[in-house]
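The values are calculated or read from the model by the stated rules, or taken from the named source; none is laboratory data. Note that the structure is predicted; figures quoted are calculated from it, not measured. Quick reminder, even Gly has a Cβ in these numbers, built from the backbone with ideal geometry, and neighbours come from all protein chains shown.
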Amino acid sequence: MQAGEAAAARAVALDDATVAFRVADARVYTAVDKATLGVDDGEFVAIVGPTGCGKSTLLNVAAGLLKPASGAVRIFDAALNGLNHQAGYLFQADALFPWKTAIDNVAIGLEIKGVARAEALERAQAWLTSVGLGAFGNRYPHMLSGGQRKRVGMAQVLIRDPRILLMDEPFGPLDAQTRQIMGNLLLQLWTKDRKAVLFVTHDLEEAIALADRVVIMSAGPGSRIIGDWRVPLPRPRDIFEVRLDKEFHALHREIWNVLKDEVMKGYAQSAGAA
Amino acid sequence: MNRLTLLLCQMLVAVVFFGLWQLLSTVPLFGVTVLPPFFFSNPVDVASQVVAWFASGVIWKHLLITLWESILAFAIGSLGGVMVGFWFARQPRVAAIFDPYVKMINALPRVVLAPIFTLWLGLGIWSKVALGVTLVFFIVFFNVYQGVKETSRGLVDNARMLGMSERQQLRHVYWPSALSWMFSSLHTAVGFAVVGAVVGEYLGSAAGLGYLIQQAEGTFDVAGVFAGMIVLSAFVILIDLAVTLAERRLLVWRPTAAESRG
Ligand SMILES: Nc1ncnc2c1ncn2[C@@H]1O[C@H](COP(=O)(O)OP(=O)(O)OP(=O)(O)O)[C@@H](O)[C@H]1O
Ligand SMILES: [Mg+2]
């Protein structure tokens, strides 16, 4: 859709980004060390890594919520200063406003931009319908299931039509079947306008099934990006079907060989540190 | 236990209580009246006093005054508490400066302020309102302060990523969060508004339930004192009921609001 040059525009570019947190007694914990990562416009990139390695941290950096200690962040080839207004962020933890109904939670993104309430509600209703919750608009978040809340969260982010989508384990707490249904829903929505997506998951199969590229992070502290695979599976994909593909299995085995060691390392480290 | 048995049991407690009281204050036991009427009156006299008040209509004026004072104390105290609580929570430096003074004033038993308020504001309703305000203010203030400070980091981040300006965050995130904390102290705050009004009346006034009780005490009219207390209790229960109804409407979004309050 964009003016087609040889290379698509870089939606997100982290260049040698290092993130450190100040922890107790003035010590510094380096969570991510010199991460270099690019997401092209229209590209779907999945990040996989052991727990605590810094996946959420990377998304926070891309969102502009966290400033890297060193290194550069560029969004559509402009240095990021403050918040990344081009991005929609679906947080790992529930972040719906508990005092707003589902439809108000979705409509709020338009209302604050000055869209008239009636129109905002109408468009919010359309989005709720497209995530399969058309009849749940007047429920408060606590009356929805975990998966339904995630879907409302997705509508809340997507209604603003961000050019970049940051998703942090959006299907994290869901059961296997629901994950697949949600995955297909996400792909179906994404196919319509091909936003740049940075998608965090701890599920390697999910990453391969959804993404154009899979990025692996090493165990922390000072975790790095240790692998970057292109997923050669054709689109449109169906998550159920694609898992039966021979290429899928080959790629899975290849990536898992690398990831396995990191998972063990990460586990051993956090057990030893405790 | 179903509702009906529960209600019957609750009524049974009242029947036994008043029955014993009536019995012990009128029928001598081994030659002595256990509850001498001069000190304890008896339920029949108390009831007839209550009926007389309502029949003659004198009680309405007092009830209305007390109600009005309570409402004013509650409204002014909550408004102040919400605003100052909000302000302190958003300006940690201001909060740090005022912290010891807030604690000092809050530690002060409010009753000692009553004479001063009477001196400043006269015997009318405003000295009672002021007393109620000092009670309500601190409850609401502490709750709102805590509520705004503990507004979930995740919600604020989400609001920022959705593109909310500072003002929109105040309106859509901090404010509802603070209000929900204020409502969680609503019962206590309303109760204290009534306490402030009645204690103020009791210590010096010309009308109100507190005045009624104080008058009866002055003439050793024990039936009058008990009658005043009963009217006051009924009054507080009715107000509490109104608060519960308001709360149900305002906190529909909260999972436990309806269940946790009886
Ligand atoms: N505010 C903070 N202060 C100190 N340390 C932090 C802070 N936030 C994160 N960390 C540390 O940084 C590391 C990376 O955290 P992050 O949340 O990015 O992990 P993650 O990869 O998203 O893990 P998970 O898969 O469990 O969500 C962790 O070791 C964590 O303890
Ligand atoms: Mg995380």
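Is one or more of the residues making up segment A:101-119 among the hydrophobic types (A, V, I, L, M, F, W, C) and touching a Phe, Trp or Tyr at 6+ places or on another chain (Cβ under 6 Å)? Break it down into steps so the answer makes sense when it comes.
As a first pass, look at segment A:101-119 and keep what is among the hydrophobic types (A, V, I, L, M, F, W, C): A:102-103, A:106-108, A:110, A:112, A:115-116, A:118.
Going one step further and asking which of them are touching a Phe, Trp or Tyr at 6+ places or on another chain (Cβ under 6 Å), we end up with A:102, A:106.
Scanning segment A:101-119 turns up at least one residue that is among the hydrophobic types (A, V, I, L, M, F, W, C) and touching a Phe, Trp or Tyr at 6+ places or on another chain (Cβ under 6 Å).
Quick check on segment B:167-174. Is at least one of its residues over 25 Å from residue B:62 (Cβ atoms), among the aliphatic types (A, V, I, L, M), modelled with pLDDT of 90 or more and touching a Leu at 6+ places or on another chain (Cβ under 8 Å)?
Yes, the conditions are met somewhere in segment B:167-174.
Name the residue, out of A:220, A:172, A:227, that is among the small types (Gly, Ala, Ser) and within 15 Å of the chain's Cα centre (by Cα). Talk me through it step by step, then tell me what you get.
On the way: A:220 fails: within 15 Å of the chain's Cα centre (by Cα); A:227 fails: within 15 Å of the chain's Cα centre (by Cα).
None of the other options fit; the residue is A:172.
Check off (1) away from ligand 2 (no atom under 16 Å from the Cβ); (2) away from chain B (no Cβ under 11 Å); (3) within 14 Å of the chain's Cα centre (by Cα); (4) of a type in the set (A, V, I, L, M, F, W, C) for residue A:9 and give me the number that stays unchecked.
Checking residue A:9 against (1) away from ligand 2 (no atom under 16 Å from the Cβ); (2) away from chain B (no Cβ under 11 Å); (3) within 14 Å of the chain's Cα centre (by Cα); (4) of a type in the set (A, V, I, L, M, F, W, C), the one that fails is (3).
What number of residues within segment A:134-162 satisfy the criterion of being part of a loop (DSSP other than H, G, I, E, B) and polar (S, T, N, Q)? If you could, list the steps in order and put the result at the bottom.
Just the residues of segment A:134-162 that are part of a loop (DSSP other than H, G, I, E, B), to begin with: A:137-140, A:144-145, A:159-162.
Now restrict to residues that are polar (S, T, N, Q): A:138, A:145.
Within segment A:134-162, residues that are part of a loop (DSSP other than H, G, I, E, B) and polar (S, T, N, Q) number 2.
In the list A:59, A:128, A:90, A:65, which residue meets the criterion of being under 30 Å from residue B:176 (Cα atoms), within 16 Å of ligand 2 (Cβ to nearest atom) and without any contact (Cβ under 8 Å) to a residue 40 or more places away in the chain? Outline the logic, then answer.
Details: A:59 fails: without any contact (Cβ under 8 Å) to a residue 40 or more places away in the chain; A:128 fails: within 16 Å of ligand 2 (Cβ to nearest atom); A:90 fails: without any contact (Cβ under 8 Å) to a residue 40 or more places away in the chain.
None of the others qualify; the one that does is A:65.
Quick check on segment A:149-181: of everything there that is more than 16 Å from ligand 1 (Cβ to nearest atom) and away from chain B (no Cβ under 14 Å), which residue is surrounded by the most Cβ atoms within 10 Å (Cβ to Cβ)?
Once the filter is applied, the top-ranked residue is A:151.
Just to be sure I understand, how many residues within segment A:193-206 are away from ligand 1 (no atom under 15 Å from the Cβ), assigned to a helix (DSSP H, G or I) and out of contact with any His (no Cβ under 7 Å at 6 or more places or on another chain)?
So the answer is 1.
In the set B:154, B:163, which member is within 13 Å of chain A (Cβ to nearest Cβ), more than 21 Å from the chain's Cα centre (by Cα) and closer than 30 Å to residue B:96 by Cβ?
Details: B:163 fails: closer than 30 Å to residue B:96 by Cβ.
Going through B:154, B:163 in turn, just one is within 13 Å of chain A (Cβ to nearest Cβ), more than 21 Å from the chain's Cα centre (by Cα) and closer than 30 Å to residue B:96 by Cβ: B:154.
So, in segment B:208-239, exactly how many residues are of a type in the set (Ser, Thr, Tyr) and closer than 19 Å to residue B:43 by Cβ?
Filtering segment B:208-239 for residues of a type in the set (Ser, Thr, Tyr) gives B:211, B:219, B:233.
Okay, now just the ones that are also closer than 19 Å to residue B:43 by Cβ, so B:233.
Residues in segment B:208-239 being of a type in the set (Ser, Thr, Tyr) and closer than 19 Å to residue B:43 by Cβ: 1 in total.
Going residue by residue through segment A:222-236, is there one that turns out to be within 16 Å of ligand 2 (Cβ to nearest atom), touching a residue at least 40 places away in the same chain (Cβ under 8 Å), within 14 Å of chain B (Cβ to nearest Cβ) and outside any loop (DSSP other than H, G, I, E, B)?
The answer is no; no qualifying residue exists.
Yes or no, residue by residue, for (1) surrounded by 19 or more Cβ atoms within 10 Å (Cβ to Cβ); (2) hydrophobic (A, V, I, L, M, F, W, C); (3) at pLDDT 90 or above; (4) in a helix (DSSP H, G or I):
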position: A:183; (1), (2), (3), (4): yes, no, yes, yes
position: A:191; (1), (2), (3), (4): no, no, yes, yes
position: A:208; (1), (2), (3), (4): yes, yes, yes, yes
position: A:248; (1), (2), (3), (4): yes, yes, yes, yes
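Taking into account only those residues within segment B:110-156 that are farther than 18 Å from residue B:85 by Cα and of a type in the set (D, E, K, R), which is modelled with the lowest pLDDT?
B:110
Where residues in segment B:89-113 are closer than 22 Å to residue B:180 by Cα and of a type in the set (A, V, I, L, M), which of them is surrounded by the fewest Cβ atoms within 10 Å (Cβ to Cβ)?
Residues of segment B:89-113 closer than 22 Å to residue B:180 by Cα: B:89-92, B:95.
Now restrict to residues that are of a type in the set (A, V, I, L, M): B:89, B:95.
Values: B:89: 21, B:95: 17.
So the residue we want is B:95.
With respect to the numbered conditions (1) at pLDDT 90 or above; (2) surrounded by 13 or more Cβ atoms within 10 Å (Cβ to Cβ), which one is the sole condition not fulfilled by residue B:86?
(1)
If you take the residues of segment A:77-135 that are hydroxyl-bearing (Ser, Thr, Tyr) and either within 14 Å of chain B (Cβ to nearest Cβ) or crowded, with 22+ Cβ neighbours inside 10 Å (or both), which of them is nearest to residue A:195 (Cα to Cα)?
Going residue by residue through segment A:77-135, those that are hydroxyl-bearing (Ser, Thr, Tyr) are A:89, A:101, A:129-130.
Checking which are either within 14 Å of chain B (Cβ to nearest Cβ) or crowded, with 22+ Cβ neighbours inside 10 Å (or both) leaves us with A:89, A:101.
Working: A:89: 13, A:101: 27 Å.
Per the stated criteria, the residue is A:89.
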